[in-house]
Amino acid sequence: VLAAAGGSAALLAAAWYWQWQGYPPCAMCWWQRYPHMAAVGIGAVALMVRGPALPLLGLLAALAAAALGVLHTGVERD
């Protein structure tokens with residue numbers, strides 16, 4: 001859980017860094033951030049509250065981010 005939430009947090013930090021450097025995000029970039037934000041929040045709660053449901057919700061958030069990433073690369077290549 002810590003590695004997954006930390007990975008999403010690192011990806012968000014990198015996105016915000018590049019935005020701060022002057023690279024404005026497109027709409028799909030924003031779409032990809034929402035599941036990562038959810039994964040970080042779910043991971044934080046999962047570290048405090050034990051149970052099988054929260055890691056599964058985090059997994060779903062990560063899969064949603066991955067699916068949006070694949071879609072985003074397809075749009076950018078087209």
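Looking at LEU54, is it under 15 Å from the mean Cα position of the chain (by Cα) and either charged (D, E, K, R) or surrounded by 16 or more Cβ atoms within 10 Å (Cβ to Cβ) (or both)?
no
List pairs: first residue in segment 48-62 and within 11 Å of ALA38 (Cβ to Cβ), second residue at pLDDT below 90 and not β-branched (Val, Ile, Thr) anywhere in the structure, Cβ distance under 7 angstrom, at least six positions apart or on different chains.
GLY58/ALA4; ALA62/ALA4
So GLY41 passes all but one of these: (1) open to solvent by less than 50 Å² (accessible area, probe 1.4 Å); (2) over 15 Å from the mean Cα position of the chain (by Cα). Which condition number does it fail?
Looking at each condition in turn, GLY41 falls short on (2).
Which residues, counting only those in segment 14-33, are closer than 19 Å to ALA64 by Cα and loosely packed, with under 10 Cβ neighbours inside 10 Å?
The answer is ALA27, and nothing else.
The values are calculated or read from the model by the stated rules, or taken from the named source; none is laboratory data. Since this is a predicted model, take the numbers as computed values, not measurements. Here Cβ is always computed from backbone atoms with ideal geometry, including for glycine, and neighbour counts include all displayed protein chains. We work out accessible area using only protein heavy atoms, side chains counted, and drop any ligands, DNA or RNA first. Shrake-Rupley method; radii C 1.70, N 1.55, O 1.52, S 1.80 Å.
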